[in-house]
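K.L.:
I have a structure here, written as structure tokens, and I will follow up with some questions on it.
The values are calculated or read from the model by the stated rules, or taken from the named source; none is laboratory data. In this text, all values refer to a predicted model and were calculated from it rather than measured experimentally. Glycine also receives a Cβ, built like all others from the backbone with ideal geometry; neighbour counts cover every protein chain displayed. Just the protein is used for accessible areas: all its heavy atoms, side chains included, with ligands, DNA and RNA removed. Shrake-Rupley method; radii C 1.70, N 1.55, O 1.52, S 1.80 Å.
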Amino acid sequence: MIVCITEKPSVAADIARILGAGRRCDGFWEGNGYRITWTYGHLCCLKEPADYTDRWKHWSLGVLPMIPPRFGIKVIDEEYIRKQFDVIARLIADADEVVNCGDAGQEGELIQRWVMQKADIHCPVKRLWISSMTDQAIRDGFAALVPQEKYDNLYYAGLSRAVGDWILGMNATRLYSLKYSEPGRVLSVGRVQTPTLAMIVRRQSEIDNFVPKDYWELHTVYRETDFMASGKYDDEQAAATIADSLRALPFTVTDVTEKQGREAPPRLFDLTSLQVECNRRWGWSADESLRLIQSLYEKKVTTYPRVDTTYLPDDVYPKVPDILRRMTPYADRTAPVLAARIPKSKKVFDNSKVTDHHAIIPTGESPARLIGDERQLYHLIALRFIAAFYPDCRFMTTTVTGRAGETDFKTSGKVITDPGWRALYPTQAASAADAAPDGDGSDAQAILPPFVKGESGPHEPHTVKKTTQPPKYYTEGTLLRAMETAGRTVDDETLREALKENGIGRPSTRAAIIETLFRRGYISRRRKSIIATRAGIDLIGTIQEELLKSASLTGLWENKLRRIERGDYSAGEFIAELKTLINEIVLAVLRDNSARRIITTPIEETKGKSSKDPGKTDDKPAKAAKPRAQRKKSTPVTDISQIKCPACGKGHLLKGRSAYGCSCYADGCDMRLPFDQYPADLTPADLAKRIKKLSK
């Protein structure tokens, strides 16, 4: 009997259908020599400190640092999880072979390996590795199963990440909470979240301390065209004096140059660039974009989303025509590409830039059943994929230089001669910022009248007042970019690709890191901007250990995790470094004799909050409340079974040992509300109020 273990019931159902295992049993499908079961994401986790020794059960500075001699795992103590784990353990005990069908990534590998280890597996294990959930991809994957050992390094990297986060997170959080927080308040410190918070705090400090300064530019208007002199003036009178002195002198065109240029199509999407674009266009949070693209993947219309490459491997090239032909809603756009041989550009196809998965592209499956935001997101991905095979946009840039007296002026303009890929964005052609999917409008230049070298005439010199501007607050999009490039501001796509190796966090975890900072009350939203709270600023100010809050140094840790994946760095070395680091941090903090205290305000207590938009406050005056007589009476909530699941809307809430869950967990709903955010002693009515805000 072959046992297949997937991450979700829905994936198990798809695989069971394809393998001919049509009999539904309690916790698995069976038939045709297969049993297909599932986890609900994580069924196991690293043990808590109290699981190792009673000395670590209570928070105390005297027991830090906590470093177990050997890290262990345990089954998460919730009834539905234990029940499903028992099903998997029984199936593994009877199996001749197991197929690991978890998500094809580092986290997916870790999830499945822990479950199999805890179930004490002894039979051979194969690995299913696929980049899309289409029926054909699943069939091809089962025809090319490989020994699980091929992905050992991926597991070691995932395990190192988990253990490293435990070492720093558990110890640093207890250390800083006990040393600097109010009694009963927790200061959350983490390997990735703390340097991310530090970037936000640092940017905010630059803005708060910025002193604007006026300056003046020297311009002149000749033949209704604005020309600008190089340099700037700190003194208005000096600039005005020069302008006045030039007014009586003729303006002479000294040079006219025309240069042909081209603009390649934008790169395909990786997860970060997709989240950035969604935030720029529609203001979606990183977490919201991740949820939507994950849904598109599970609905088989796009490929695996948690990727950090914008390239495709060479073996996808022969499949491109078929994918384009099957994208029937876009037939008018794909027709020009299919009419000739599809180009094979190194900017799209490059085996050296692809590891486990390639860029996010459509699968060719029909998107007909998509609605709302999912349809909008699919359209964005589809257009980007089609654009990759369109010709470059061609344009002519004209630069005109002139002189009045001893002062040189210059102006330039650009005319598109062949729109190429930009023809796919006709409704946005009026705005350069929208026409270029990743653009900011900076390339928008006026169309110039014809000029001839040597021509001369009157002109109108004048000064233009400008003011230096502070840096901009981070948005979720720009923060994701900063995390990707370890805090460096980089616009060039090629350089961004090179810096990804040292970025902080991974594409699949950055959204969760940002949400954690919101939830902890360290940052808040002001429209699209991300603002550090007093608690966040104080925490970063209190942490003296640069390695804990430096994006570039933390990026080097991420680099080592990637090297573990490739097999050229040892997981043992990585963990040993973190053990040494936490020892040094504990000693440094314990030596601090200051009486500093950090005041924290949990998100749930802030006024004007929105659970969909954690930390957001409303500066507008509250509207007058409606009279009681106009309010609709609602049925009192006296039991949690009356509360609908905020995720699926079908089930109702259940109370587990450490979190609330959904009654439809067996059907794949993995909604979970931990007690540390939604306390177990809340009344059903209070819990319902919080759930209602979560669902808005």
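K.L.:
Round to the nearest 10 and report in Å² the accessible area of Thr467, as given by a 1.4 Å probe over the protein chains' heavy atoms.
P.N.:
50
K.L.:
Dipole of the chain, Cα-centred, from +1 at each Lys and Arg C-beta and -1 at each Asp and Glu C-beta, to the nearest 20 debye?
P.N.:
I would put it at about 2260 debye.
K.L.:
Quote to one decimal, in nm, the extra length available between Lys528 and Asp408 on full extension: 0.36 nm per residue of separation minus the C-alpha distance between them.
P.N.:
39.1 nm
K.L.:
Continuing with this model, one more query. May I ask for the angle, rounded to the nearest 10°, between helix 684-695 and the longest principal axis of the chain, with both axes built from Cα atoms and the value confined to 0 to 90°?
P.N.:
40
K.L.:
For the stretch 88-157, max minus min Cα coordinate along each principal axis, in Å, sorted largest first?
P.N.:
32, 28, 17
K.L.:
Give the residue from Trp421, Gly158, Gly405 lying farthest towards the positive end of the charge dipole for the chain; charges sit on Cβ (+1 for Lys and Arg, -1 for Asp and Glu) and the dipole is referred to the Cα centre.
P.N.:
Ranked along the dipole, the leading option is Gly158.
K.L.:
Follow-up question, since we're still on this one. Largest first, what is the accessible-area ranking of Cys101, Cys25 with a 1.4 Å probe?
P.N.:
Largest accessible area first, the residues go Cys25, Cys101.
K.L.:
Along the stretch 227-241, what does the Karplus equation 6.51 cos²θ - 1.76 cosθ + 1.60 (θ = phi - 60°) give for ³J(HN,Hα), rounded to whole Hz, x for Gly and Pro?
P.N.:
Taking θ as phi minus 60°, the curve returns 10, 10, 7, 6, x, 9, 10, 7, 10, 4, 5, 5, 5, 5, 4 Hz for the stretch 227-241.
K.L.:
Here's another thing I want to ask about it. Using the structure shown, list the pairs from Lys126/Lys655; Lys126/Lys650; Lys150/Lys655; Lys150/Lys346; Lys8/Lys47 with a Cα-Cα distance above 30 Å, or answer none.
P.N.:
Pairs exceeding 30 Å: Lys126/Lys655; Lys126/Lys650; Lys150/Lys655.
K.L.:
Still on this structure: Determine, from the Cβ-Cβ distance of Asp94 and Lys650 and an R0 of 35 Å, the FRET efficiency 1/(1 + (r/R0)^6), rounded to the nearest 0.05.
P.N.:
E between Asp94 and Lys650, to the nearest 0.05, is 0.60.
K.L.:
Mind running the shape call on the stretch 281-356? Use the C-alpha gyration tensor, a ≥ b ≥ c as the square roots of the eigenvalues: rounded below 1.5 for a/c, prolate if a/b tops b/c, oblate otherwise.
P.N.:
It comes out oblate by the Cα gyration axes.
K.L.:
Report the Cys residues of the chain lacking a disulfide-compatible partner, meaning no second Cys Cβ under 4.7 Å from their Cβ.
P.N.:
Cys4, Cys25, Cys44, Cys45, Cys101, Cys123, Cys278, Cys393
K.L.:
Please give me, ordered by residue number, the trypsin sites (Lys or Arg not before Pro) of the stretch 274-337 that lie in loop per DSSP and have at most 14 other Cβ atoms within 10 Å.
P.N.:
Within the stretch 274-337, no trypsin sites (Lys or Arg not before Pro) qualify (loop, at most 14 other Cβ atoms within 10 Å).
K.L.:
Just in the stretch 505-547: which GluC sites (Glu not before Pro) are loop by DSSP and have at most 10 other Cβ atoms within 10 Å?
P.N.:
Those that pass, being in a loop and sparsely packed, number zero.
K.L.:
Tell me, what % of the accessible area of the stretch 13-167 is carbon and sulfur with a 1.4 angstrom probe?
P.N.:
Carbon plus sulfur share of accessible area: 48 percent.
K.L.:
Can you work out the accessible area per residue across the chain, with the rest of the protein chains kept in place, probe 1.4 Å, in square angstrom?
P.N.:
48
K.L.:
DSSP loop (so not H, G, I, E, B), at most 15 other Cβ within 10 Å: list which chymotrypsin sites (Phe, Trp or Tyr not before Pro) in the stretch 181-233 pass both filters.
P.N.:
Those satisfying the criteria are Phe210.
K.L.:
Which order do peptides 263-274, 564-575 fall in by mean Cβ count within 10 Å, highest first?
P.N.:
263-274, 564-575
K.L.:
With a 1.4 Å probe and every protein chain left in place, tell me how much accessible area Lys179 has, in Å² to the nearest 10.
P.N.:
40
K.L.:
Oh, and also: Taking 0.36 nm per residue of sequence separation and subtracting the Cα-Cα distance, how much length would be gained by fully extending the chain between Ser10 and Lys692, in nm to one decimal?
P.N.:
242.8 nm
K.L.:
What's the local net charge at Tyr378, with K and R +1, D and E -1, over the other residues with C-beta under 12 Å away?
P.N.:
That works out to +2.
K.L.:
If R₀ is 60 angstrom, what is the calculated FRET efficiency for the pair Asp77 and Ser345, using the beta carbon separation as r and rounding to 0.05?
P.N.:
0.70
K.L.:
Something else about it: If one takes the longest principal axis of the Cα atoms in the chain, at what angle in degrees, from 0 to 90 and to the nearest 10, does the Cα axis of helix 193-208 lie?
P.N.:
30
K.L.:
Excluding ligands and nucleic acids, what accessible area in Å² is computed for Lys74 using a 1.4 Å probe, to the nearest 10?
P.N.:
60
K.L.:
Just to be sure I understand: if I project the alpha-carbon convex hull of the stretch 233-336 onto a plane and average over all orientations, what area do I get in nm²?
P.N.:
With every direction weighted equally, the projected area is 14.3 nm².
K.L.:
Between Trp282 and Ser366, what is the label-point separation in nm under the 7 Å Cα-to-beta-carbon projection?
P.N.:
Inter-label distance under the simple model: 2.2 nm.
K.L.:
Still on this structure, I have one more. For helix 271-282, what angle does its Cα long axis make with the longest principal axis of the chain, in degrees from 0 to 90 and rounded to 10?
P.N.:
Compared with the principal axis, the helix lies near 60 degrees.
K.L.:
Still on this structure, I have one more. Sequence gap at least 6, Cα distance under 8 Å: using those rules, report the relative contact order of the chain to the nearest whole percent.
P.N.:
15
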